[in-house]
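The values are calculated or read from the model by the stated rules, or taken from the named source; none is laboratory data. If you're wondering where the values come from, they're calculated on a predicted model, not measured in any experiment. Glycine gets a Cβ as well: all are built from the backbone with ideal geometry, and neighbour counts include every protein chain shown. Heavy atoms of the whole protein, side chains included, go into the accessibility calculation; ligands, DNA and RNA do not. Shrake-Rupley method; radii C 1.70, N 1.55, O 1.52, S 1.80 Å.
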Amino acid sequence: MTIRLVVNGRPRDLEVAPHALLLDVLRDTLDLKGAKRSCDTQVCGACTVLVDGLAVSACTYLAVEADGRSVLTVEGLADGESLHPLQRAFVEAGAVQCGFCTSGMLLTAKAMLAENRTPTRDDVLHYLRGSLCRCTGYRKIVDAVLAAAETAR
Amino acid sequence: MLRPFTLHRPETAEEACALLAGLGEEAAAYAGGTELLLMMKLGLLRPRHLVDVKRIRGFGDIGLEPLSGRRLTIGAAVTHRAVEQSALVRARCPLVSSVARHVANVRVRNVGTVGGNLAFADPHSDLATLFLTLDASVELLSPRGRRELPLDDFVRGPWETSRASDELLGSVTLTPWASDTAAAYVKFGVHERPTLAVAAALRLDGTTGAGRNGRDRIVEARVAVGCVSLKPVRMAAAEARLTDLSIGDLDDAARAAADAAAAGVDPADDLYGSADYKREMVAVFVGRALRIAAARARGAESAARFPHTVVA
Ligand SMILES: Cc1cc2nc3c(=O)[nH]c(=O)nc-3n(C[C@H](O)[C@H](O)[C@H](O)COP(=O)(O)OP(=O)(O)OC[C@H]3O[C@@H](n4cnc5c(N)ncnc54)[C@H](O)[C@@H]3O)c2cc1C
Ligand code: FES
Ligand code: FES
């Protein structure tokens, strides 16, 4: 099937099989390796990308569903060499250790801030439920999201 | 990795049902795919055809049932997120919006649908548990026409429903509670899906004093327990123990009702815990749900917080 979508701001026409998963198309066809496959069952969030602004698990989402839509991966967050405010906040708060969860955390946080510009700590924890990090213990990730929200105000 | 399949995208229920009837066992209805694609990855289901229900007209709608003008109809392809954000759902069935906010994680809520949740009939379904207290009925569509079934008859057991293979779940219709109803939904779990879920609704009447608007007598109690029996169940014996009580007496009565609920479930040992543990937890959590509902009846929000527990 032919799908027409926008990936990180750039229009793309792709030929994909109905059973192709969005994660594989992003990683293998488009060489965007930011989204990771970990649990493959929608539990961990490492594969999170935004489709029309909504967080989805690319590991369990058919690529054909992205037809006519706009997909954002972590590679599309920075503006050239200049980091996105969330990325900067993650660096400053020390919210990145091994980095495996980071792209999913950043995109999930971006989706949350688009809905709620003044989140509380509880709001962040609620939204990040299902985004797992094995390294940081979460505190610094939540701090970073709150700091980014503060800066954006 | 998924095995190859053909994707069909009908725009009417007639077309979709004809496809399901024609393709038989080879086909599966596909909505968000949050369950179906997982089953396919594991090879537990190997459909050669997927029939996408998301483009079917009306399947994405939320509205009042035309006949009664009061009951709330949610289309099968409505996502959990859309339920959470619907002003109509919040106005008519506020607890349904709060529970929708706590289903799974945000990625599953953005994509997973109400119809997919009910048709999959996972015994750990929040919706099936809560909807039992809202006299839910489901609409089934097939080449033979349309039928409506109480939710309790639709869900037959774990991953088993009374849906025929050429039938589509079109919508679910809920009966909002009367205005003087205080309710709570409490779920406990350390895995993704809840280990235990309790929905409690108390309809109040009378003028004995303590409650909001002076209403204090429980004229009707509804208690449903999910996740521990083969399917979510209404707890008739517990409900009977609560009816006609005053809210002021609920603290004592809650224990008896909770014990009655624990006696009424049929748990099994599994990864979520032993049968004995689950039965004990049913008593604990039914008691908690009733006390939270009672506090709300008095216009207060219970400040109690419990580990690994969501209170909606
Ligand atoms: C990580 C995770 C956590 C979860 N946590 C919770 C939780 O806390 N509480 C809870 O209640 N649920 C939970 N769920 C379940 C979730 O609610 C369901 O996965 C979702 O609602 C299913 O909807 P879907 O549209 O993706 O269904 P699909 O995967 O598309 O379909 C599911 C099944 O229903 C059938 N089907 C779908 N639509 C129709 C239709 N219209 N007519 C007939 N058959 C149909 C399909 O053939 C398939 O067998 C969780 C799921 C995951 C993956
Ligand atoms: S890899 Fe997709 S959610 Fe874990
Ligand atoms: S930084 Fe290693 S998993 Fe989160």
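Worth pointing out:
- Qualifying residue in region B:46-65 (condition: open to solvent by 20 Å² or more (accessible area, probe 1.4 Å) and free of Cβ contacts under 8 Å to residues at least 12 places away in the same chain): no
- One residue stands out among those in region A:33-91 that are open to solvent by less than 30 Å² (accessible area, probe 1.4 Å), more than 10 Å from chain B (Cβ to nearest Cβ) and in a loop (DSSP other than H, G, I, E, B): the one that is nearest to ligand 3 (Cβ to nearest atom), which is A:ALA46.
- Considering only residues in region A:126-147 that are within 12 Å of chain B (Cβ to nearest Cβ) and surrounded by fewer than 19 Cβ atoms within 10 Å (Cβ to Cβ), the one that is farthest from ligand 3 (Cβ to nearest atom) turns out to be A:HIS126.
- Yes/no for B:THR129 being surrounded by 24 or more Cβ atoms within 10 Å (Cβ to Cβ), touching a His at 6+ places or on another chain (Cβ under 9 Å) and not assigned by TED's automatic domain parsing to the domain that holds B:ALA236: no
- Screening B:PRO150 against (1) open to solvent by less than 20 Å² (accessible area, probe 1.4 Å); (2) without any contact (Cβ under 8 Å) to a residue 40 or more places away in the chain leaves a single unmet condition, (1).
- Out of A:CYS98, A:CYS133, sole residue that is within 16 Å of ligand 2 (Cβ to nearest atom), over 16 Å from the mean Cα position of the chain (by Cα), farther than 20 Å from B:VAL103 by Cα and not basic (Lys, Arg): A:CYS98
- Residue in region B:78-94 that is in a strand (DSSP E or B), closer than 23 Å to B:SER162 by Cα and more than 9 Å from ligand 1 (Cβ to nearest atom) present: no
- Meets criteria (of a type outside the set (Asp, Glu), surrounded by fewer than 18 Cβ atoms within 10 Å (Cβ to Cβ) and more than 16 Å from ligand 1 (Cβ to nearest atom)) for A:GLY94: yes
- Residues of region B:29-43 classified as crowded, with 22+ Cβ neighbours inside 10 Å and farther than 20 Å from B:ALA16 by Cβ, total: 0
- A count restricted to region A:105-125 and to residues that are open to solvent by 30 Å² or more (accessible area, probe 1.4 Å) and away from ligand 3 (no atom under 16 Å from the Cβ) stands at 11.
- The criterion of at least 1 residues that are more than 13 Å from chain A (Cβ to nearest Cβ), under 27 Å from the mean Cα position of the chain (by Cα) and closer than 17 Å to B:GLY116 by Cβ is met by the following strands (runs of 3 or more DSSP E) wholly inside region B:1-58: B:27-30.
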